[in-house]
Amino acid sequence: MPEFANVVEFNYLKNWDRHTLTASLYYRYTENVIEQVRIVKQDTMNTTYENITYAQNAGAELVAKNKLFRDYLDLTTSVSAFYYQLGGNEEYHISKTENFSWRAKINAGIRIIDNLSAQISANYNSPRLIAQGKVSHNYSMDIGFKAFFLKRKLSLTVSVRDLLNSRFRSDDTTYGDNFYQEAGRTSNGRTYRINLSYKFGDMKGGKNKKGKDREENSETEDMDFDF
């Protein structure tokens, strides 16, 4: 069965010349919550998804965008915190649970010189509870550099994904009426990428309005390292 959610949300947006702040508050009540559940029958553990109960979720989020040092540093920072309550389910011996979690993310675009830029992205997720256990915290960081040549027609990008070798690394715990399980998982680890590209023709599309929009957004596009 599908989940049904009722949501109330309030948003506030404030703009300055080089800064933007967005604040959000929300409350969500969800029926027929779909959760992964495990049950042991005759020494075999079955894992599936079921509509098990209701959930309540209330939280706040702040997003700040800042251009600093004469546009040499472009920062986007987001922080969110939320309270989560999950009802119980007798069939799967799940008790009502509640917890407080938070997460943060920062993305920094750095213009080192006119033809060389860098981008750093980092995020963190705190531990959180699930229907039959808990998920540990996780964090990651990516970094990249981009250089332009031949009047910005030729570009070279060097990037490192999962710089700290921590992405998706977690130690999860699940438990029920007659089982207790600990599981660890990780990704493929740190990866490196080198990309060389060349632009043919007039990518800005002349002096029409669309061309002007493209020109205004070109600096933002230049900072995209495909993380």
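Taking a ≥ b ≥ c as the square roots of the Cα gyration tensor eigenvalues, with a/c under 1.5 meaning rounded and otherwise prolate when a/b beats b/c, else oblate, which class fits the range 61-177? Verdict is prolate for the range 61-177.
Pairwise Cα distances in the range 4-222 exceed 31 Å for 44 percent of all pairs.
Net charge near residue 69, counting Lys/Arg +1 and Asp/Glu -1 over other residues with Cβ under 12 Å of its Cβ? Its environment carries a net charge of +2.
Taking all Cα pairs closer than 8 Å and separated by 6 or more residues, the relative contact order of the range 4-222 comes to 11 percent. Here's the picture: charge each Lys and Arg Cβ at +1 and each Asp and Glu Cβ at -1 in the chain, and of 178, 118, 89 the one pushed furthest to the positive end of that dipole is 118. Which of 196, 73, 21 ends up with the largest GNM mean-square fluctuation for the chain, with Cα atoms connected below 10 Å? Judging by the Gaussian network model, the answer is 196.
About its Cα centre, the range 114-167 has a charge dipole of approximately 180 debye under the convention of +1 per Lys or Arg Cβ and -1 per Asp or Glu Cβ, with nothing else charged. Taken along its principal axes, the alpha carbon cloud of the range 89-147 reaches lengths of 63, 16, 13 Å, longest axis first.
Largest mean-square fluctuation among 148, 69, 100, in a Gaussian network model of the chain whose springs join Cα atoms under 10 Å apart, belongs to 69. Compared with the rule-of-thumb size 2.2 N^0.38 Å for a compact globular protein, the range 1-100 has a Cα radius of gyration ratio of 1.60.
Where a number appears in this text, it was derived from the coordinates with a stated rule and is not lab data. Note that the structure is predicted; figures quoted are calculated from it, not measured. Quick reminder, even Gly has a Cβ in these numbers, built from the backbone with ideal geometry, and neighbours come from all protein chains shown.
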